[in-house]
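Asker: Dropping a structure here in structure tokens format, bear with me for questions.
The values are calculated or read from the model by the stated rules, or taken from the named source; none is laboratory data. This is a predicted model, so every value here is computed, not measured. Because the Cβ atoms are built from the backbone with ideal geometry, glycine has one as well, and the counts that use them run over all protein chains shown. For accessibility, only protein heavy atoms count, side chains too; no ligands or nucleic acids. Shrake-Rupley method; radii C 1.70, N 1.55, O 1.52, S 1.80 Å.
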Amino acid sequence: MDGPMQTLRDIAYRLLPKPQPLAAKEKAPHRAAKRLLILSRYPNPTVSYYLDERAKLAEVPVIMKGLDDPLDAIDNDGLFVIICRYIKQPQLRWLEKRRESLAGVAYFVDDDIRAVMTGKEASWPYKFRLMTLAVRPLPRINRLLTHIWVSTEVLAGTLAATDHRIDILNPMPALPARTSLGAMDEDVKPLRMVYHATGVHRHEHEFLMPIVKAAMEKHANLHFEVFASGTLARSWNRQGIDPARMTIVTPLSWPAYLARTTQQNADIALAPLLPGKTNASRADTKRVDISRLRAAAIFSRCPTFSRCAVSGEFHVGNTTEEWLAAIDRLATDKESRLAARDATRNSIEKMREYATPEFPGVRLNPSVTPLETATL
């Protein structure tokens, strides 16, 4: 049964629309942008990982608007628009009516949305949201597009065509604060081990369940926290892990998650990534969350996490034995734990070195008005 179903999934993947900059030739040569407008389901992790820092460095005013915010008060003459993953009909109509006065329109995406839509892991409510906000608007978005930006080379390859260019917008997170790192040098028991991922990573959850159970049985000083809801939460509860040593947290909004991971540190963070079409296109932004937690990470050995790997980190094959050995090492060896924590902090600096601060292909006219970023 899986064979015919996979064939249907592959056909559906090819049939779903993908971004194409159909307006690129109309706008060539590109007009200089007097100001930037970022449209996003704001706030969200994609904006934090890729756009916030670049917006701070832009030489023209940057306006950030949520998907339900009106745009009528914005001066559209020379406006360059960045659509971050999603858009709703009122804003799309606003852009269509003003397309001639715009300096350009870029579409930025950091997931293989077609793979998520046709895959087995994402929930139906999430797929419905993708269909409504990302997939259905694409044919109309394409008629406005002058630029396509994606997060990885692999993702660019899934969208590539002979008649348009795709630019890579690497993650550019803010540098994590160095304050309070010394507090982690003290022996703290129990050790807090976490796995923070959404239900889209169902296979990774299932992969970790027996590993975490075995590690918890071996190390009485471990406390485990996992983000899960619905069937995944019930599956974690069925693992037989002592409820007093395991916390299951319902997935949080992005602002709530930022606040929690800033205020509550961890000792060990698990970051598995299993082979698959969706995961192949992912960037290594999980490093940012782990660094904010001030945790020692265990990463899957894969191209995604090898990009910014530094000495001292733990990168292991996706086998039960290797993951258990890595947890054993970090749970019992304080020096290795602190070295791995500091290594991931250093990897964020490496990530920033790989990132260019400019928005690709956008010509700015900074002489019009001074820098003034407005976030609504």
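Asker: Looking at TYR126, TYR195, can you tell me which residue is more than 20 Å from ILE38 (Cβ to Cβ), at pLDDT 90 or above and surrounded by fewer than 17 Cβ atoms within 10 Å (Cβ to Cβ)?
Answerer: Among TYR126, TYR195, only TYR126 is more than 20 Å from ILE38 (Cβ to Cβ), at pLDDT 90 or above and surrounded by fewer than 17 Cβ atoms within 10 Å (Cβ to Cβ).
Asker: Let me ask something additional. Only one of these conditions is not met by PHE128: (1) free of Cβ contacts under 8 Å to residues at least 60 places away in the same chain; (2) closer than 18 Å to GLY361 by Cβ; (3) among the aromatic types (Phe, Trp, Tyr). Which number is it?
Answerer: The one condition PHE128 does not meet is (2).
Asker: Would you confirm whether or not region 6-19 contains a residue that is among the polar types (S, T, N, Q) and either in contact with a Ser or Thr (Cβ under 8 Å, 6 or more places away or on another chain) or surrounded by 19 or more Cβ atoms within 10 Å (Cβ to Cβ) (or both)?
Answerer: Checked against the condition, which is being among the polar types (S, T, N, Q) and either in contact with a Ser or Thr (Cβ under 8 Å, 6 or more places away or on another chain) or surrounded by 19 or more Cβ atoms within 10 Å (Cβ to Cβ) (or both), region 6-19 yields no hits at all.
Asker: Give me the residue from region 20-29 that is open to solvent by 50 Å² or more (accessible area, probe 1.4 Å) and not charged (D, E, K, R) and, out of that set, modelled with the highest pLDDT.
Answerer: For region 20-29, the residue satisfying everything is GLN20.
Asker: Picking from THR320, THR304, THR247, which residue would you name as being under 17 Å from the mean Cα position of the chain (by Cα), among the hydroxyl-bearing types (Ser, Thr, Tyr) and on the phi < 0 side of the Ramachandran plot?
Answerer: THR304 is the lone residue from the list that is under 17 Å from the mean Cα position of the chain (by Cα), among the hydroxyl-bearing types (Ser, Thr, Tyr) and on the phi < 0 side of the Ramachandran plot.
Asker: Within region 30-75, can you find the residues that are open to solvent by 40 Å² or more (accessible area, probe 1.4 Å) and over 24 Å from ARG352 (Cβ atoms)?
Answerer: Listed by number, the residues that qualify are HIS30, ARG31, LYS34, ARG41, ASP68, ASP69, PRO70, ASP72, ALA73, ASP75.
Each row is one residue, and each column tells you yes or no for (1) assigned by the TED database to the domain that holds ASN279; (2) closer than 17 Å to ASP328 by Cα; (3) free of Cβ contacts under 8 Å to residues at least 12 places away in the same chain.
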site	(1), (2), (3)
HIS205	yes, no, no
ILE211	yes, yes, no
GLU217	yes, yes, yes
ASP242	yes, no, no
TRP254	yes, no, no
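Asker: Separate question: Would you confirm whether or not region 282-290 contains a residue that is open to solvent by 60 Å² or more (accessible area, probe 1.4 Å), at negative phi and not assigned by the TED database to the domain that holds SER151?
Answerer: No; the residues of region 282-290 include none that is open to solvent by 60 Å² or more (accessible area, probe 1.4 Å), at negative phi and not assigned by the TED database to the domain that holds SER151.
Asker: Another question, then. For region 207-229, enumerate the residues that are open to solvent by 40 Å² or more (accessible area, probe 1.4 Å) and in a helix (DSSP H, G or I).
Answerer: Correct list: PRO210, LYS213, GLU217, LYS218.
Asker: Have a look at ALA266, ALA297, ALA309, ALA256 and point out the one that is over 25 Å from LYS213 (Cα atoms), outside any helix (DSSP H, G or I) and open to solvent by less than 50 Å² (accessible area, probe 1.4 Å).
Answerer: That would be ALA309, the only listed residue that is over 25 Å from LYS213 (Cα atoms), outside any helix (DSSP H, G or I) and open to solvent by less than 50 Å² (accessible area, probe 1.4 Å).
Asker: Further, regarding this structure: What residue, among those in region 37-91 that are assigned to a helix (DSSP H, G or I) and of a type in the set (Asp, Glu), is farthest from the chain's Cα centre (by Cα)?
Answerer: GLU53
Asker: Take ASN237 and decide whether it is within 17 Å of GLY199 (Cβ to Cβ), of a type in the set (S, T, N, Q) and assigned by the TED database to the domain that holds LEU330.
Answerer: The answer is yes for ASN237.
Asker: If you go through region 136-173, how many residues are open to solvent by 40 Å² or more (accessible area, probe 1.4 Å) and in contact with a strand residue (DSSP E or B) (Cβ under 7 Å, 6 or more places away or on another chain)?
Answerer: The total comes to 2.
Asker: Which of the residues spanning region 312-333 are over 18 Å from ASN221 (Cβ atoms), free of Cβ contacts under 8 Å to residues at least 60 places away in the same chain and not in a loop (DSSP other than H, G, I, E, B)?
Answerer: PHE314, HIS315, VAL316, GLU321, GLU322
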